[in-house]
1. Six or more apart or on different chains, Cβ under 8 Å: which pairs go from a residue in region 196-210 that's under 13 Å from Glu169 (Cα atoms) and assigned by TED's automatic domain parsing to the domain that holds Ala170 to one that's surrounded by 13 or more Cβ atoms within 10 Å (Cβ to Cβ) and basic (Lys, Arg)? Could you list them?
2. Looking at (1) buried (at least 22 other Cβ atoms within 10 Å of the Cβ); (2) in a loop (DSSP other than H, G, I, E, B), find the lone condition where Trp41 falls short.
3. Under 7 Å between Cβ atoms, which residue pairs at least 6 apart in sequence (or on different chains) link something in region 33-50 that is within 21 Å of Ile2 (Cβ to Cβ) with a partner that is among the small types (Gly, Ala, Ser) and assigned to a helix (DSSP H, G or I)?
4. Of the numbered conditions (1) surrounded by 15 or more Cβ atoms within 10 Å (Cβ to Cβ); (2) at pLDDT 95 or above; (3) of a type in the set (A, V, I, L, M), Ala101 satisfies every one except a single condition; which is it?
5. Considering each of Leu87, Leu19, Leu64 in turn, give the residue that is more than 11 Å from the chain's Cα centre (by Cα) and more than 16 Å from Lys186 (Cα to Cα).
Amino acid sequence: MIAYIKGKVTEMTGENLVLEVNGIGYNIKISPGTAGLLPGWGQEVKMYTYTHVREDAFLLYGFLGREELEIFKKLITVGGIGPKGGLSILSVMTANELRFAIASGDAKAIAKAPGIGVKTAERIILDLRDKISSLDGLLGGVTDKESEVIHSHGAAGDEVSVEQEAKREAAEALMALGYPSSESWKAVRQVVFQERMDTEEVLKQALKYML
């Protein structure tokens, strides 16, 4: 129903974003990974959205790129996977990582998502393996998500991609150490990225916010 919303960030948590457009604030459900890539308060961002209508609610789910939105829409076609489950999976994996896990039959990787068991992960692989190419989005350099972040920050592509890659790897390292994904991304977002910082330095700085 709503293809995308472009507005200013006025509120944000690990699971919810409020974008203000012409004086109206839109509540948008997001993953911690998406929260970690968003610009700061008052900055403008474009979110691709999926509209989920229930008897008691009208919910928007937001993504920085079309690629992530499309794989989310495929996920929720699998029996037992609703929008909450789809977002849970994308909170621990990028769209490309999920494609690769499906193509390689790696149910354990998918089952790392909160609320997703191995049997459910195996069902996802069975249902989507023929629908998703592991090569889509893996070639051709910058992904759809990255290009949206670059545009919203108004910075040079190389500078943003280095920062986002370092922060993504740092968040993954924190999760590997046992920290929840939401807390990991929250800590990484608080790191002020400086020139020549690498993943290790971002991780060290993020760990300070975990203590």
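1. Val202/Lys167
2. (1)
3. So the pair list comes out as Pro39/Ser152; Gln43/Ser152; Glu44/Ser152; Val45/Ser152; Lys46/Ser152.
4. (2)
5. Leu19
Residues are listed down the side, and each one gets a yes or a no for (1) within 23 Å of Thr49 (Cα to Cα); (2) surrounded by 17 or more Cβ atoms within 10 Å (Cβ to Cβ):
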residue: Val78; (1), (2): yes, yes
residue: Ile81; (1), (2): yes, yes
residue: Leu87; (1), (2): yes, yes
residue: Met93; (1), (2): yes, yes
residue: Asn96; (1), (2): yes, yes
residue: Gly105; (1), (2): no, no
residue: Thr120; (1), (2): no, yes
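The values are calculated or read from the model by the stated rules, or taken from the named source; none is laboratory data. What you see is a predicted model, and the numbers here were worked out from it, not measured in a lab. We place every Cβ from the backbone using ideal geometry, glycine too, and count neighbours over all the protein chains shown.
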